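Each remark here refers to the structure printed beneath this line.
The values are calculated or read from the model by the stated rules, or taken from the named source; none is laboratory data. Given the structure is predicted, the values throughout are model-derived calculations rather than measurements. Note that each Cβ is placed from the backbone with ideal geometry, even for glycine, and that neighbours are counted across all protein chains shown. Note: accessible area is taken over every heavy atom of the protein model, side chains too, but ligands, DNA and RNA are not part of it. Shrake-Rupley method; radii C 1.70, N 1.55, O 1.52, S 1.80 Å.
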Amino acid sequence: MSAKFAAVLTAALASCTTAGDRPAPEGDLRPAQVAWAQQCEDFDDWDKPGPPFRVYGQTFYVGTCGITSLLVAGEDGHVLIDSGTDAGAEAVLANIRALGFDPRDVETILMSHEHFDHVGGMDRLQKATGATIVATPAAAAVLRSGRPSPDDPQAGSEHPPFAPVEGPITALQSLGPVRFSGAAFTAIDTPGHTIGATSWSWRACEVGGRCATIVYADSMNPISDDSYRFSDHPALVAAFREGIASVAAADCDIVLAPHPGAVDLRKRLSGEKPLLDPGGCKAYADGVALRLNARLAKERNGG
């Protein structure tokens, strides 16, 4: 680790404490985590600012109270996952700066799924950072148009358009292990909520050497507009189930999601539930499977 990056990282870690706080043991709750839990509510407003905090190792939460955005800091450049809405992207940039990082050091922007509440600020973030966006071909098409795909289960819903991405987008052609800015990630195909949805996992290590695998599991919620029936799209349902199985089987110490309330993040940060939970991904996937089965049963019964 270079002296320059070590100094920036040390400053970022220091910003996640308050005066008089002693450093928390590795893996324990930090003051900034507790502050976020106190300021934010479950399923809070998408654009409500919340304080940034370190999740684990060099992974930081820089999103709003209602929408997750993650910064994975690295010596060779940073990786950012999800932008939030266009307004939320301003909060993301402010949180990156509050940690002491320079947004221009963000080299790669990844995404979960192509809905405006998670990617509506991609163009703004790309222009502020100069980063390359990486997305599945289906998601990349939505980023370019600023509108949901006609194949999206929620295409008929009132999803407002967002600013189309004008800068470079690299298509994620293969899933599995990939590297960005020198860091190793695993791309997990999880279509269902949208066609181009992707989940991500990576290792995060504390200064003392302890490591944990973080899984950023996509929303994977089987909801749609009034005219869409999942049972009319068996190939998508099959891919949906494969994605659920992949998340359930993933090496997973910390599970995060595009909507923090979906994984009880506030409770995990306030100590009501453990942040490190090896069963978290399976529990999340099991919940998705139950909702998908219930949706398909409702359709079979004419609902």
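Which pairs have Cβ atoms under 6 Å, sit 6 or more apart or on different chains, and link a residue in region 236-249 that is under 24 Å from Asp277 (Cβ atoms) and touching a residue at least 24 places away in the same chain (Cβ under 8 Å) to one that is open to solvent by 10 Å² or more (accessible area, probe 1.4 Å) and in a helix (DSSP H, G or I)?
Close Cβ pairs satisfying both conditions: Ile244/Ala289; Ala248/Lys282.
Mind listing just one residue for me: the one in region 66-88 that is free of Cβ contacts under 8 Å to residues at least 60 places away in the same chain and buried (at least 24 other Cβ atoms within 10 Å of the Cβ) and, of those, nearest to Phe101 (Cα to Cα)? Before the answer, list the steps.
Here is the first cut: in region 66-88, the ones free of Cβ contacts under 8 Å to residues at least 60 places away in the same chain are 69, 71, 80, 83-84, 87-88.
Retained after the next criterion (residues that are buried (at least 24 other Cβ atoms within 10 Å of the Cβ)): 69, 71, 80, 83-84, 88.
Working: Ser69: 15, Leu71: 10, Leu80: 12, Ser83: 16, Gly84: 19, Gly88: 18 Å.
The extreme case among them is Leu71.
Being part of a loop (DSSP other than H, G, I, E, B), among the acidic types (Asp, Glu), open to solvent by less than 40 Å² (accessible area, probe 1.4 Å) and in contact (Cβ under 8 Å) with a residue 12 or more places away in the chain is the requirement here; does Glu114 meet it?
Numbers: part of a loop (DSSP other than H, G, I, E, B): yes; among the acidic types (Asp, Glu): yes; open to solvent by less than 40 Å² (accessible area, probe 1.4 Å): yes; in contact (Cβ under 8 Å) with a residue 12 or more places away in the chain: yes.
Answer is yes for this residue.
Please work out which residue is nearest to Gln173 (Cα to Cα), limiting yourself to region 192-201 and to residues that are in contact with a Phe, Trp or Tyr (Cβ under 9 Å, 6 or more places away or on another chain) and open to solvent by 10 Å² or more (accessible area, probe 1.4 Å).
This residue is Ser201.
Can you tell which of Val215, Val288, Val255 is within 17 Å of the chain's Cα centre (by Cα) and assigned to a helix (DSSP H, G or I)? I'd like the intermediate steps shown before the answer.
On the way: Val215 fails: assigned to a helix (DSSP H, G or I); Val255 fails: assigned to a helix (DSSP H, G or I).
After ruling out the rest, the residue left standing is Val288.
For residues that are part of a loop (DSSP other than H, G, I, E, B), over 17 Å from the mean Cα position of the chain (by Cα) and surrounded by 13 or more Cβ atoms within 10 Å (Cβ to Cβ), tally how many sit in region 152-174.
Residues meeting the conditions: 12.
Could you list, ordered by first residue, the pairs with Cβ atoms under 7 Å in which the first is in region 257-278 and over 17 Å from Val62 (Cβ atoms) and at pLDDT 95 or above and the second is open to solvent by 50 Å² or more (accessible area, probe 1.4 Å) and among the aromatic types (Phe, Trp, Tyr), at least 6 apart or interchain?
Gly261/Phe43
Filter region 79-113 down to residues that are of a type in the set (A, V, I, L, M, F, W, C) and closer than 16 Å to Asp218 by Cα, then give me how many there are.
Here is the first cut: in region 79-113, the ones of a type in the set (A, V, I, L, M, F, W, C) are 79-81, 87, 89, 91-94, 96, 98-99, 101, 106, 109-111.
Retained after the next criterion (residues that are closer than 16 Å to Asp218 by Cα): 80-81, 109-111.
So the answer is 5.
With the condition being modelled with pLDDT of 95 or more, over 21 Å from Phe180 (Cα atoms) and not small (Gly, Ala, Ser), I'd like the strands (runs of 3 or more DSSP E) fully within region 1-109 carrying at least 1 qualifying residues. Before the answer, list the steps.
Values: elements: 53-56, 59-61, 70-72, 78-81.
Where strands (runs of 3 or more DSSP E) fall fully within region 1-109 and carry at least 1 residues being modelled with pLDDT of 95 or more, over 21 Å from Phe180 (Cα atoms) and not small (Gly, Ala, Ser), they are 53-56.
Evaluate region 205-212: report whether one residue or more is open to solvent by less than 40 Å² (accessible area, probe 1.4 Å) and within 21 Å of the chain's Cα centre (by Cα). Spell out how you get there, then give the answer.
Let us first name the residues in region 205-212 that are open to solvent by less than 40 Å² (accessible area, probe 1.4 Å), namely 206, 212.
Next, only the ones that are within 21 Å of the chain's Cα centre (by Cα) stay: 206, 212.
Looking for residues that are open to solvent by less than 40 Å² (accessible area, probe 1.4 Å) and within 21 Å of the chain's Cα centre (by Cα), one finds at least one in region 205-212, hence yes.
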